[in-house]
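Novice: Below are the structure tokens for one structure; questions will follow.
We did not get these values from a lab; they are worked out from the coordinates using the rules stated. Quantities reported herein were computed from a predicted structural model and do not represent experimental measurements. Here the Cβ positions follow ideal geometry from the backbone for every residue, glycine too, while neighbour counts run over all protein chains shown.
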Amino acid sequence: MSDVLPPEAEKATSVRAMFDLIAPHYDTLNRWLSLRLDQYWRRKTIRSVNVCDDDRVLDLACGTGDLSELAAATGARVIGIDFARNMLIGATRRRISATFIQADANALPLPTAAVSVVLSGFALRNFVSIPHTLQEAARVLKPGGRLALLEVDTPRPTLLKWGHSFYFQRIVPLLGGLISDRKSYLYLPRSVVYLPEEAELLQMVRAADFERVVKTRLSGGVAQLITAVRR
Ligand SMILES: C[S@@+](CC[C@H](N)C(=O)[O-])C[C@H]1O[C@@H](n2cnc3c(N)ncnc32)[C@H](O)[C@@H]1O
């Protein structure tokens, strides 16, 4: 285990502390390091599940509220949940028309079948147990409700894979370290190892009682969008 990847028993505590630490510069660095592609991907995420004003949306691990803001702009009623207090403070400061709650994605403070859409941006690899979190997302979704999971990915073409790896593993920690916390910006790229292989991840979504599971590669495969429908 690399020194920037915490042991499983400490992962939740360590991830929460890390996001509390980097929250002040999180949005700025996200925009810079992704060359502003992050917001383009988030808009695609909202469109992929046709979020509209009839929806009640859960933004799971909402961070500073980027997806919540885009979902709320459609007129949907939005709840953002995250366990890192400082990320939620960032979300609240943006005066988004949404309700933000500090809670663990593994024990959502929502009744069964409470929402029609669950969104999650760049959070999967931070969860201790992806299957468990998906089951909890399925519990709060109505039957027929839509799920959209946005995450980083590893591109397949060799040259792109090499360039992406150099940028993600070398440049991101360097720039992140200059403006924010270097150890955190070492963790963020390395935490892709927590993402299961494509087939296994899609199977986890199906096993959590979702159907019509579709993965879309974004921007040459540097990001992925998984959509599904609650059975
Ligand atoms: C990379 S950030 C993504 C934030 C936001 N979704 C976005 O699109 O920018 C990952 C977020 O997941 C949150 N997180 C990780 N594990 C969590 C859990 N078990 N419960 C709630 N939030 C969690 C972190 O606190 C952090 O805000």
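Novice: Once both axes come from the Cα atoms, what is the angle between helix 8-33 and the longest principal axis of the chain, in degrees from 0 to 90, rounded to 10?
Specialist: Taking Cα atoms only, the helix is inclined about 80 degrees.
Novice: Let me ask something else. With point charges of +1 on the Cβ of Lys and Arg and -1 on the Cβ of Asp and Glu, referenced to the Cα centre of the chain, which listed residue (TYR194, ALA103, THR45) lies farthest in the positive direction of the dipole?
Specialist: Checking the options against the dipole of the chain, the answer is THR45.
Novice: Which ³J(HN,Hα) values in Hz, rounded to whole numbers, follow from the phi angles of the stretch 73-90 under the Karplus curve 6.51 cos²θ - 1.76 cosθ + 1.60, where θ = phi - 60° and Gly and Pro get x?
Specialist: Result, ordered by residue: 5, 7, x, 5, 8, 10, 10, x, 10, 7, 9, 9, 4, 5, 5, 5, 4, x Hz.
Novice: With no solvent and one point per C-alpha, what does the Debye sum give as log10 I(q)/I(0) for the chain at q = 0.08 Å⁻¹?
Specialist: -0.26
Novice: Could I ask something else about it? For a Förster distance of 22 Å, can you work out the FRET efficiency between the beta-carbons of CYS52 and SER97, rounded to the nearest 0.05?
Specialist: 0.90
Novice: Also, quick follow-up: For the chain, find the longest principal axis of its Cα atoms and tell me its angle to the long axis of helix 130-140, 0 to 90°, nearest 10.
Specialist: 30 degrees
Novice: Now for a separate question. Show me the ranking of peptides 201-207, 93-99, 141-147, 78-84 by mean Cβ neighbours inside 10 Å, starting with the highest.
Specialist: The packing order, highest mean first, is 78-84, 141-147, 201-207, 93-99.
Novice: By DSSP, what percent of the beta bridges with both residues in the chain are antiparallel, rounded to the nearest 5?
Specialist: Just about 45 percent of them are antiparallel.
Novice: Tell me what the chain gives for mean residue ellipticity at 222 nm when only DSSP H runs of n ≥ 4 count, each as -39,500 (n - 2.57), the sum divided by the residue total, rounded to 500 deg cm²/dmol.
Specialist: Result for the chain: -13500 deg cm²/dmol, rounded to the nearest 500.
Novice: Net charge near VAL152, counting Lys/Arg +1 and Asp/Glu -1 over other residues with Cβ under 12 Å of its Cβ?
Specialist: On the way: positive: ARG125, ARG190, ARG217; negative: ASP38, GLU151, ASP153.
Residues near VAL152 contribute 0 overall.
Novice: I've got another one for you. State, as an integer percentage, the relative contact order of the stretch 8-230 based on alpha-carbon contacts under 8 Å between residues 6 or more apart. Walk me through the intermediate numbers first.
Specialist: Working: 403 pairs, mean separation 43.3, N = 223.
Relative contact order here is 19 percent.
Novice: Follow-up question, since we're still on this one. Find the percent of Cα-Cα distances in the stretch 80-121 that exceed 11 Å, and round it to a whole number.
Specialist: On the way: 592 of 861 pairs.
Within the stretch 80-121, distances greater than 11 Å cover 69 percent of Cα pairs.
Novice: Using unit Cβ charges (K, R positive; D, E negative) and no other charged atoms, how large, in debye to the nearest 20, is the dipole of the chain about its Cα centre? Write down the numbers at each step before the final one.
Specialist: On the way: 30 positive and 23 negative charges, 106 e Å.
My answer is approximately 520 debye.
Novice: Collect residues whose amide H, placed 1.01 Å from N in the peptide plane, falls under 5 Å from the amide H of ALA223; neighbours closer than 5 in sequence don't count.
Specialist: ASP153, LEU218
Novice: Return the sequence-ordered ³J(HN,Hα) values of the stretch 161-172 in whole Hz as given by the Karplus equation 6.51 cos²θ - 1.76 cosθ + 1.60 applied to θ = phi - 60°, using x for Gly and Pro.
Specialist: Residue by residue, the stretch 161-172 yields 4, 5, x, 5, 4, 4, 5, 5, 8, 10, 6, 4 Hz.
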